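Peer 1: The structure is given below, and queries will be raised subsequently.
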Amino acid sequence: MLVPTLKLALWLGLAASTAQACPGIDHSAGLGKRMNRVSTQPSGPDSLVRPLTWGQVNIIQTTDIHGWYQGHLKSTQPEPNYSGDWGDFASFVAHMRRRAKKQGVDLLVVDSGDLHDGAGLSDGYPMGQGPDAHVSNQFHSLVKYDALAVGNHELYIYENALDTYQNFVPQQHGRYAASNVNISYAPHPGQANVTKPMGERFIKFKTDHGRRVTAFGVLYNFQGQDKGLTVQPPKDMVNEAWFAEAIKEEPDFFLLNGHMPVRRDDWPVVVNAIRKVHPTTPLIVTGGHTHIRDCYIYDNRAFGIEAGRYLETIGWLSFNLTSANASSPLSFSRSYIDANRRNYAIHAGLSNQKQLDTAQGISITKGMDKVAADWNLTQVYGNNTQDYYLDRVPATDNSSILHLLTNDILPTVISTSNPDRKGVSNFVLANSGSQRFDAYKGPFTKNDQYIVSPFTDHFLYLQDVPYKYASTLLGALNGDGQAQASSKRSPEAAARHDGSLGQRRAVDAKVVDETYGEWRRAQNEAARRDLEALDRRADAQDATLGYVTKDSCPGLGDDTEHVAIPYASQPDYVASPLTGNTTTVGPDDKVDVIFLDFIVSNVVRLLNNQQKDKVYNVSDATPYNSLSTQDLYPLYFESLNKTQ
């Protein structure tokens with residue numbers, strides 16, 4: 001279902017009337033006043049922004065946008081650093097392309113996958129207007145990319161993948177690569193399915209200055225895809241006849257774009273396969289998936305960059321192809337750009353932010369705002385009185401979102417939601433991976449709903465479990481390796497589960513969460529050692545919270561000097577306090593154990609390990625209510641709104 005051209009044109013052609021659309025209260029939804037979009041601005045002097053290094057060839061990279069096309073709208077640090085929206089980015093690309101042309105150098109723009117699952121513009125469509133990213137992909141297509149690649153989040157739901165293949169891929173005019181991903185579909189109703197690559201196997205093109213490029217779009221060895229989709233392991237892909245044919249002719253450089261981390265994964269497999277044929281040809285890797293800022297050197301003429309997540313980071317990579325001989329080291333530079341209007345204007349060589357705006361950029365912003373209004377993404381559920389952090393403080397801290405979840409939300413929204421079990425004491429088990437982002441002070445909107453807790457896991461329960469056994473489950477889950485894997489939904493666990501959209505789109509979250517958490521912890525520790533040097537800077541007091549990246553490439557990577565965001569490790573599982581008649585519950589008294597559906601096998605297994613009085617089966621678990629994890633925050637803040 002391609003968005004009609006007329007409708008998209010209306011979204012993109014709006015004037016100031018957008019801000020007035022559907023004002024007031026949506027009584028049918030029982031929500032509060034709308035919150036107008038206001039882009040925050042990063043603080044601190046311009047001197048904290050480091051200039052980019054240009055080369056003969058320059059690359060702008062995006063990856064793991066996950067629907068954050070409207071940018072980061074909150075004022076709590078570090079959110080203002082990432083307040084640029086997709087219209088601002090489109091304007092930035094236009095200015096940088098003009099600047100490259102003026103300087104007589106090449107500029108390529110690439111994307112490395114995962115365009116949706118994580119924010120309202122991609123996930124918050126009204127009933128019947130899906131699938132995921134159908135509309136946000138149209139906005140993405142308004143920025144002309146030189147190369148794009150498929151991500152794992154494009155593959156969890158077949159309907160999303162088919163929509164991407166049929167509607168988004170053609171808009172990329174042969175520049176969308178899916179080197180190791182196939183899709184099966186019926187070309188016409190009633191016809192038999194055919195299996196084809198989801199994009200181009202490889203791409204060959206020339207830059208504006210005539211440099212020959214051979215590009216690929218490689219997905220890591222992902223095995224959580226929906227039926228009708230296949231992913232070939234990269235180690236098998238490089239043995240295909242088409243791959244040998246693709247690399248037979250030597251280009252000026254290879255562009256290995258794809259949704260795969262630049263380190264600790266299979267990029268060396270692809271690099272080494274090309275090196276057997278072309279030992280010294282420059283190889284440029286643009287990767288993704290783990291949500292970190294990273295740079296990695298494979299050999300002296302092969303290196304890669306990974307540009308973070310959530311439209312927080314724009315990757316910049318520049319290199320020079322001329323050298324004394326074909327085997328001498330390739331000179332290159334990388335930067336991680338904070339995605340905001342100030343930094344865009346500085347890097348584009350503009351004297352002020354007003355000069356950044358282009359007609360296309362303004363049109364995109366207004367179009368997105370109109371979609372947000374049409375979809376009620378700006379509706380306010382209630383007021384959040386403080387900041388709650390996902391991983392900035394321990395889970396026991398009053399500022400922890402897990403503390404809010406376990407002590408305030410689960411006991412009020414879930415524990416009391418089954419009238420048939422009224423008066424029966426219970427507690428709720430949840431995985432920390434069900435929470436995806438901070439919940440900041442101020443109006444909590446429908447857009448925030450998709451950002452903070454985007455998944456749609458449902459609640460099951462086992463009734464009348466002796467408390468002496470039920471009370472051991474939280475510790476058992478956190479100490480059990482198999483349950484810990486499920487807490488982030490490992491690829492193996494998800495492949496066995498035919499569950500909901502929320503379950504499928506978080507299939508590989510364990511690897512991402514652990515890698516991102518370790519990266520945050522490491523940079524925080526390293527940044528502490530650097531504080532003394534920072535304190536000597538005259539403008540150090542103006543540095544705001546942000547990423548302080550330590551990667552394996554020379555020089556400083558972050559385009560803006562920051563103080564590292566604090567980091568605290570989180571447990572895999574948390575539990576609400578016992579709710580109900582808690583004063584008289586003894587070891588042998590019966591309680592209800594409520595938990596998320598995808599961990600039912602772990603709960604049953606661990607409960608059977610703890611006791612022999614009764615053998616529990618998965619079939620003993622039944623739905624506790626009709627709610628999902630995506631309903632938690634709206635219902636909680638609506639209840640607060642009614643009492644205020």
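Peer 1: Relative to the first principal axis of the alpha-carbon coordinates of the chain, what is the inclination of helix 509-535, with its axis defined by its Cα atoms, in degrees from 0 to 90 and to the nearest 10?
Peer 2: 70 degrees
Peer 1: Using a/c under 1.5 as the rounded threshold, could you call the stretch 58-374 rounded, prolate or oblate? The axes a ≥ b ≥ c are square roots of the C-alpha gyration tensor eigenvalues, and prolate needs a/b larger than b/c, oblate otherwise.
Peer 2: Cα axes put the stretch 58-374 in the oblate bin.
Peer 1: Using the alpha-carbon centroid of each, what span in Å lies between the stretch 606-637 and the stretch 306-327?
Peer 2: 48 Å
Peer 1: Got the relative contact order for the chain handy, in percent, Cα pairs under 8 Å and 6 or more residues apart?
Peer 2: Value for the chain: 18 percent.
Peer 1: Assign one of three labels to the stretch 553-609, namely rounded, prolate or oblate, based on the Cα gyration tensor with a ≥ b ≥ c the square roots of its eigenvalues; rounded applies when a/c is under 1.5, prolate when it is not and a/b is larger than b/c, and oblate otherwise.
Peer 2: prolate
Peer 1: While we're on this one: Only helical DSSP H runs with n ≥ 4 go in: add -39500 (n - 2.57) per run for the chain, normalise by residue count and round the 222 nm mean residue ellipticity to 500 deg cm²/dmol.
Peer 2: -7500 deg cm²/dmol
Peer 1: Relative contact order of the stretch 58-374, please, whole-number percent, based on alpha carbon pairs below 8 angstrom and at least 6 residues apart.
Peer 2: Numbers: 706 pairs, mean separation 68.7, N = 317.
Contact order relative to length: 22 percent.
Peer 1: Taking the stretch 58-374, how many lysine pairs are there with alpha carbons less than 17 Å apart, if each pair must be eight or more places apart or span two chains?
Peer 2: Taking the stretch 58-374 as the scope, the lysine pair count is 10.
Peer 1: Rounded to whole Å, give me the distance from the Cα center of the stretch 182-230 to that of the stretch 401-459.
Peer 2: 39 Å
Peer 1: Next up: Compute the acute angle (0 to 90°) between the alpha-carbon long axis of helix 632-643 and the principal axis of greatest extent of the alpha-carbon atoms of the chain; round to the nearest 10°.
Peer 2: With both axes taken from Cα atoms, the answer is about 60 degrees.
Peer 1: From the Cα gyration tensor of the stretch 222-381, with a ≥ b ≥ c the square roots of its eigenvalues, which class applies: rounded if a/c is under 1.5, or else prolate if a/b is larger than b/c, or else oblate?
Peer 2: Taking the square roots of the gyration eigenvalues as a ≥ b ≥ c, the stretch 222-381 is oblate.
Peer 1: A further question follows. With +1 on each Lys and Arg Cβ and -1 on each Asp and Glu Cβ, and nothing else charged, work out how big the dipole of the chain is about its Cα centre, in Debye to the nearest 20.
Peer 2: Charge dipole, the chain, about its Cα centre: 1220 debye, nearest 20.
Peer 1: Would you calculate the separation in nanometres between label points at Asp226 and Val618, each defined as 7 Å from the Cα along the Cα-to-beta-carbon direction?
Peer 2: Using points 7 Å along Cα→Cβ, the separation is 2.1 nm.
Peer 1: Treat the chain as a sphere of radius equal to its Kirkwood radius over Cα pairs and apply Stokes-Einstein at 4 °C in a medium of 1.567 mPa s; give the translational diffusion coefficient in µm²/s, rounded to a whole number.
Peer 2: 50 µm²/s
Bear in mind these aren't lab numbers, they're just calculated from the coordinates by the rules spelled out. Note that the coordinates shown come from a computational prediction; the quantities given were computed from them, not determined experimentally. Note: ideal-geometry Cβ built from the backbone for every residue, glycine included; neighbour counts use all protein chains shown.
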